[in-house]
Amino acid sequence: MDNEPVKLIVDSDPGVDDVLALLLALCSRDVDLKLISLVFGNCDTKNSLRNTVSLFHVLKLEEAYRHKQGQACPWQNKSKPKVSVGLTTALDGSQLDATDFHGSDGLGNVHAQAPHFTATKQHLDLFDSRAANAIEIEAEKAGFIPSHKPSYEDILDVLRTEPENTVTIVAIGPLQNLAKAAEMDPKTFARVKNIVVMGAAINHPGNTTPLAEFNVYSDPLASAIIYSLTAKDPSVTLPIDSPEALKKFPKPLDVTIFPLDITEKHLLEQPFFESFIQDYVTNGSPLAQWMQTWLRSTFETAKKIYGTNDGFSHLHDPLALWYAVCVGLGQKDGWEIQENVDVRVEYQGRWTQGMTVVDNRGRAKSSEQVPNDRDQWLTYGVGNRVHIAVSSPLPGARFGEELLRTILCTDEE
């Protein structure tokens with residue numbers, strides 16, 4: 001089993017680190033990427049789609065470049081992933097974005113700076129059922145399969161089609177697509193092997209408010225639902241007025257979260273990036289040239305925010321995806337995971353909305369309900385059971401260096 005490719009669904013809001021995560025999945029030979037499910041978050045779903053389709057456009061350009069160089073492309077002989085668009089707002093109808101950091105297009109304003117790398121309207125029309133029949137040939141040329149279904153339905157289709165407990169969902173954006181899929185068909189959604197989530201701030205400041213991490217804050221209701229479905233009895237921690245189908249979920253979900261506590265310790269540093277990528281850029285690699293455009297924009301933004309001399313990028317999403325691949329291959333050495341932690345999400349508070357709450361009081365638990373123990377924090381067997389990633393085999397800048405090698409190096413190097 002360890003030698004079989006890891007089957008992944010990636011639910012994403014393609015900003016800078018999301019695209020790095022998608023590149024990691026596409027460039028890893030041990031990954032069978034079934035579906036890229038798009039959601040709003042770093043940018044709206046229109047830009048999420050444009051960024052994703054442009055990624056595949058650049059990979060096609062890179063294929064032609066590498067073919068001339070006699071170099072291999074690890075993504076070329078894989079089955080094409082399906083790409084579909086999901087919910088355009090949070091479950092409550094609100095919408096947040098992070099264009100102040102990721103750029104107006106969600107990807108460092110790359111479409112304005114390097115428009116020759118942007119996918120054509122024909123590629124985007126593949127997702128319009130009214131236009132798709134006229135451009136069927138273009139769909140054959142694309143590196144993906146365009147879907148006209150909402151992505152939460154495609155998530156269920158993959159889980160329904162693949163054997164139970166064989167597909168991992170890597171959720172690196174807000175969680176409304178997952179929450180919607182779980183509500184639509186709990187029995188099918190429960191077929192997922194495990195879910196790896198980038199989100200939360202446990203013992204770490206938030207990056208959107210003093211207490212909340214962006215993905216959780218963008219849709220705290222959705223996060224509260226998914227976290228609650230790890231419990232033996234979800235009804236205790238599910239948001240008020242949740243559907244009965246969720247309260248009777250078939251089995252606890254296996255959810256591992258990658259909070260800011262660990263992700264902000266994993267970096268791509270600008271000095272290494274510039275020295276590493278320069279030869280690829282000079283030699284004409286479209287992928288390297290495209291990456292350099294939007295990562296330089298990210299580095300400049302980081303310098304302004306953090307007041308540093310050199311830029312860097314936190315590798316939130318690639319780290320979560322790398323873990324999913326490692327665990328899927330049985331490669332757990334070097335990973336530290338704190339298991340079965342009762343992590344709950346505040347979805348209503350004015351100042352604390354999106355906060356991920358754990359009980360650090362150090363009080364003993366009891367097999368019987370403790371008097372005045374509101375929400376049963378102290379009762380054995382009650383509450384959420386979320387796994388928290390604590391450390392990785394490649395901390396600091398080491399992971400960023402390995403990430404670049406995986407994406408850009410060929411078998412000949």
Tally up the residues in the stretch 106-125 that are closer than 19 Å to Asp13 by Cα and of a type in the set (Gly, Ala, Ser), please. 3
Check on Val19, buried (at least 23 other Cβ atoms within 10 Å of the Cβ), out of contact with any strand residue (DSSP E or B) (no Cβ under 6 Å at 6 or more places or on another chain) and not small (Gly, Ala, Ser): yes
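Table: residues versus (1) within 26 Å of Phe312 (Cα to Cα); (2) crowded, with 20+ Cβ neighbours inside 10 Å; (3) without any contact (Cβ under 8 Å) to a residue 40 or more places away in the chain; (4) among the hydroxyl-bearing types (Ser, Thr, Tyr).
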residue	(1), (2), (3), (4)
Glu4	no, no, yes, no
Asp13	yes, yes, no, no
Ser37	no, yes, no, yes
Cys43	yes, yes, no, no
Val53	yes, yes, no, no
Phe56	yes, yes, no, no
Lys60	no, no, no, no
Glu63	no, no, yes, no
Arg66	no, no, no, no
Under 6 Å between Cβ atoms, which residue pairs at least 6 apart in sequence (or on different chains) link something in the stretch 384-397 that is more than 18 Å from Glu269 (Cα to Cα) and among the charged types (D, E, K, R) with a partner that is at pLDDT 95 or above and not in a strand (DSSP E or B)? Arg385/Thr230
Inspect all residues belonging to the stretch 72-93 and state whether any of them is assigned to a helix (DSSP H, G or I) and out of contact with any helix residue (DSSP H, G or I) (no Cβ under 8 Å at 6 or more places or on another chain). no
Could you grab me the full set of residues in the stretch 330-385 that are over 21 Å from the mean Cα position of the chain (by Cα), among the charged types (D, E, K, R) and under 21 Å from Leu319 (Cβ atoms)? Asp333
Among the residues of the stretch 96-118, write down those that are in a loop (DSSP other than H, G, I, E, B) and at pLDDT 90 or above. Leu107, Ala114, Thr118
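Listed here are the residues, each with its yes/no results for (1) surrounded by 14 or more Cβ atoms within 10 Å (Cβ to Cβ); (2) touching a Cys at 6+ places or on another chain (Cβ under 6 Å); (3) modelled with pLDDT under 95.
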{"residue": "Pro371", "(1), (2), (3)": "no, no, yes"}
{"residue": "Leu378", "(1), (2), (3)": "yes, no, no"}
{"residue": "Asn384", "(1), (2), (3)": "yes, no, no"}
{"residue": "Ala389", "(1), (2), (3)": "yes, no, no"}
{"residue": "Ser392", "(1), (2), (3)": "yes, no, no"}
{"residue": "Phe399", "(1), (2), (3)": "yes, no, no"}
{"residue": "Arg405", "(1), (2), (3)": "no, no, no"}
{"residue": "Cys409", "(1), (2), (3)": "yes, no, yes"}
{"residue": "Glu412", "(1), (2), (3)": "no, no, yes"}
Identify, from the list Asn165, Asn207, Asn177, the residue that is crowded, with 24+ Cβ neighbours inside 10 Å, at pLDDT 95 or above and polar (S, T, N, Q). Asn177
Return the residues of the stretch 304-346 that are among the aliphatic types (A, V, I, L, M) and in contact with a strand residue (DSSP E or B) (Cβ under 9 Å, 6 or more places away or on another chain); say none if nothing qualifies. Leu315, Leu319, Ala320, Leu321, Ala324, Val325, Val327, Leu329, Ile337, Val341, Val343, Val345
Only unsatisfied item for Asp30, checking (1) farther than 26 Å from Glu162 by Cα; (2) of a type in the set (Asp, Glu); (3) surrounded by fewer than 24 Cβ atoms within 10 Å (Cβ to Cβ); (4) touching a helix residue (DSSP H, G or I) at 6+ places or on another chain (Cβ under 9 Å), is (1)
Subset of the stretch 354-383 (residues that are part of a loop (DSSP other than H, G, I, E, B), touching a residue at least 12 places away in the same chain (Cβ under 8 Å) and β-branched (Val, Ile, Thr)): Val358, Val382
How many residues, within the stretch 336-362, are surrounded by fewer than 14 Cβ atoms within 10 Å (Cβ to Cβ), under 14 Å from Leu378 (Cα atoms) and of a type in the set (Lys, Arg)? 1
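Residue-wise test of (1) crowded, with 21+ Cβ neighbours inside 10 Å; (2) at pLDDT below 95; (3) closer than 16 Å to Ala21 by Cα; (4) charged (D, E, K, R).
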{"site": "Gln270", "(1), (2), (3), (4)": "yes, no, no, no"}
{"site": "Ser285", "(1), (2), (3), (4)": "yes, no, no, no"}
{"site": "Trp290", "(1), (2), (3), (4)": "yes, no, yes, no"}
{"site": "Thr293", "(1), (2), (3), (4)": "no, no, no, no"}
{"site": "Tyr306", "(1), (2), (3), (4)": "no, yes, no, no"}
Of the residues Trp322, Trp351, which is of a type in the set (Phe, Trp, Tyr) and assigned to a helix (DSSP H, G or I)? Trp322
Being surrounded by 16 or more Cβ atoms within 10 Å (Cβ to Cβ) and in contact with a Leu (Cβ under 8 Å, 6 or more places away or on another chain) narrows it down to one of Leu321, Leu329, so name that one. Leu321
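The values are calculated or read from the model by the stated rules, or taken from the named source; none is laboratory data. None of these values were measured; they are calculated from a predicted model. Neighbour counts are summed over all protein chains in view; Cβ atoms, including those assigned to glycine, are modelled from backbone coordinates with ideal geometry.
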